[in-house]
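Each reported figure results from applying straightforward, stated rules to the coordinates on display, with no laboratory input. Source: prediction; values computed, not measured.
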Amino acid sequence: MAGATQIFEIEKDFSFEAAHYFAHENANPEFKKIHGHSFAGTVRIEGNAQEDKGWIRDLWKIEQIIKEVVAPLDHAMLNEVEGLEQPALEQIAKWVFDRLDPKLPGLTCVEISRPSCGERARIRKASEL
C-alpha cells in the first residue's frame, strides 16, 4: 500500500528458572505445593530505525537490560519477590513490563510462558486512540 506508515518491531527472548505456589482458596491442591518451572519470555519493541545505524535499538544492550531486570526472578521463590506474592503468569509479565518500560523506549509487549505446560500470558501497552 503506497504511502502507508511503516514501523519496525524487534523482539528479544529470555528465560529463567523459578519456583512458586498458589495460596489462594480456589487454587488446585497440586499447585498449592511449591513447584518450579522453566519460564521463557519475549520483549517486543516498536520504533523507527535510527538512520545512522539501521536498527531501532542495539539488541545486545536490550539483552543486558533484560538480564538486569529478570535477575531477581532467576532461581528464586517468586512468592517472596516484592510485587509477586500471587505469581500467576499475568502478574509475572506485568512485573517484568513495569520494570522494563522506563528503561526500554518503544516497549510494547512482554510475554511470559511456561513452554512445558503450553501456557503464556502477554501484557501490551494500550494503543493510544
| message | Run the reach check for LYS125 against lysines, Cα to Cα strictly under 19 Å, same-chain hits fewer than 8 apart removed. What comes back? | response | LYS12, LYS94, LYS103
| field | Rg ratio (alpha-carbon, reference 2.2 N^0.38 Å) - the chain | value | 1.20
| request: Mind checking which aspartates and glutamates have their Cα closer than 14 Å to the Cα of LYS61? Skip sequence neighbours fewer than 8 apart in that chain. | output: GLU11, ASP13
| remark: Whole-percent tail of the Cα-Cα distance distribution for region 38-108, cut at 17 Å, equals 46 percent
| field | Set of aspartates and glutamates with alpha-carbon distance to LYS33 below 18 Å, sequence-local pairs under 8 removed | value | GLU17, GLU25, GLU80, GLU85
